[in-house]
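Notes for the one structure printed next.
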Amino acid sequence: MVGIVLVSHSEKLVSGVLDFCRLMAKECPIATAGGTSDGGYGTDYDKIKEAVSSVMSPEGVLIIMDLGSSVMTAEMVLDEFDSDTVMMADCPMVEGAVAATVEAEGGSDLLTVKQAAEEVREVSKF
Amino acid sequence: MTDSDKVLNILQKIADAIHENEQFLTDLDAAIGDNDHGINMDKGFQKVATDIPSLSGKDIGSILKRVGMDLVSTVGGSAGPLYGTAFMKAGAVVADKNEIDQEDFVSIMEAGIGGVQLRGKAVKGEKTMLDAMIPAFEAMKASCTAGDDTPSMLKKGVEAAENGVEYTKTIIATKGRASYLGERSIGHQDPGATSFTVILRAISESY
Ligand SMILES: Nc1ncnc2c1ncn2[C@@H]1O[C@H](COP(=O)(O)OP(=O)(O)O)[C@@H](O)[C@H]1O
Ligand SMILES: [Mg+2]
């Protein structure tokens, strides 16, 4: 199953999103990398790398980020892995994470999971 | 000529200068960001300072790359991947060199700016560190070509960076956190442009 990594400046934010995703995706491997290693706000390169490794499988890993340095730091971590195995999704975090984890749970491949996450950009809320 | 020992010396000066300006940089970020730029930068350069003894005897390329890695793994905010990539790219252009000259310094600056742009995808005029970096680079390149010595080249670079910081007060942020403020970002100087100027001034004062 494709693994999902959630990256944010805030530890609370990603752990909240993880809980929220678990309502629908019980099995899919999800890891979070929120905040700095000293418990503050920020993004931590090593934390993201560890999170990716922790949900790594031959099916690959999709990283979902919120804003600012989350994106730039995730991009640097991406350079450490094979580009067919680890990808980033360009999507809003909450909606994208729900879509991606549900898609991954259904057994889809990495590209399909990424597409599911990015499709949420096209969905209007009202 | 600048050798590895001198580079380590300068890095310590930069770390000290960032430390002295920690509160100032954080206050600037409080106005148009999230109140952490000085804290972030100080965390990063204190880690660099801790690593200086272990870098003694290494070539300048390896030193700069290590600085980049330190910044990426400790800074926490956008400045981490941005300055981190800048130092790593800078290190690549002087790989294996134990001494660098004025022209190498200009190439280092150019590669560093390339790193910031690769990572942040910003251009001049978006109220970021680039608005100090690019004019400083251009001034130093022109000065180097004109045959100025290192101290005057660096002075001109600092002057251009300072003018760049002033310029950031007049424009709207379109990249980074400050971009959420839109028009309200006008009147405030950019924290990243300011930290770059602090760094360049520390380098200049070492000559
Ligand atoms: N895309 C970008 N390109 C270049 N510089 C940027 C970019 N985004 C942010 N910056 C710089 O980073 C500085 C803020 O750094 P910092 O406070 O460490 O990051 P964060 O906004 O993640 O808290 C800004 O003042 C600006 O100079
Ligand atoms: Mg900040």
Return yes or no: is B:Met69 of a type in the set (A, V, I, L, M, F, W, C), under 24 Å from A:Tyr41 (Cα atoms), within 14 Å of chain A (Cβ to nearest Cβ) and away from ligand 2 (no atom under 13 Å from the Cβ)?
yes
Pairs, first more than 14 Å from chain A (Cβ to nearest Cβ) and closer than 17 Å to B:Leu181 by Cβ in region B:12-40, second in a helix (DSSP H, G or I) and open to solvent by less than 20 Å² (accessible area, probe 1.4 Å), C-beta under 6 Å, six or more apart
B:Leu28/B:Pro191; B:Leu28/B:Thr194
Regarding region A:76-92, can at least one residue be identified that is among the hydrophobic types (A, V, I, L, M, F, W, C), under 21 Å from B:Lys175 (Cβ atoms) and touching a Pro at 6+ places or on another chain (Cβ under 6 Å)?
yes
Might you let me know whether region A:1-14 holds any residue that is part of a strand (DSSP E or B), hydroxyl-bearing (Ser, Thr, Tyr) and crowded, with 18+ Cβ neighbours inside 10 Å?
yes
Would you point out the residue of region B:80-119, among those that are touching a residue at least 60 places away in the same chain (Cβ under 8 Å) and in a loop (DSSP other than H, G, I, E, B), that is least open to solvent (accessible area, probe 1.4 Å)?
B:Asp101
Quick check on B:Gly125: is it surrounded by fewer than 19 Cβ atoms within 10 Å (Cβ to Cβ) and among the small types (Gly, Ala, Ser)?
yes
How about region B:127-145: which of its residues are touching a residue at least 40 places away in the same chain (Cβ under 8 Å), away from ligand 2 (no atom under 16 Å from the Cβ) and farther than 13 Å from B:Ala161 by Cβ?
B:Cys144
In region B:150-183, what residues are without any contact (Cβ under 8 Å) to a residue 24 or more places away in the chain and more than 14 Å from every other protein chain (Cβ to nearest Cβ)?
B:Ser152, B:Lys156, B:Glu159, B:Glu166, B:Lys169, B:Thr170, B:Gly182, B:Glu183
Count - residues of region A:30-78 that are of a type in the set (Ser, Thr, Tyr) and open to solvent by 40 Å² or more (accessible area, probe 1.4 Å):
5
Yes or no: B:Ser195 out of contact with any Cys (no Cβ under 6 Å at 6 or more places or on another chain) and within 16 Å of ligand 2 (Cβ to nearest atom)?
yes
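The values are calculated or read from the model by the stated rules, or taken from the named source; none is laboratory data. Since the structure is predicted, the reported quantities are computational estimates derived from the model, not experimental observations. Because the Cβ atoms are built from the backbone with ideal geometry, glycine has one as well, and the counts that use them run over all protein chains shown. Protein only, heavy atoms only, side chains kept; ligands, DNA and RNA dropped before computing areas. Shrake-Rupley method; radii C 1.70, N 1.55, O 1.52, S 1.80 Å.
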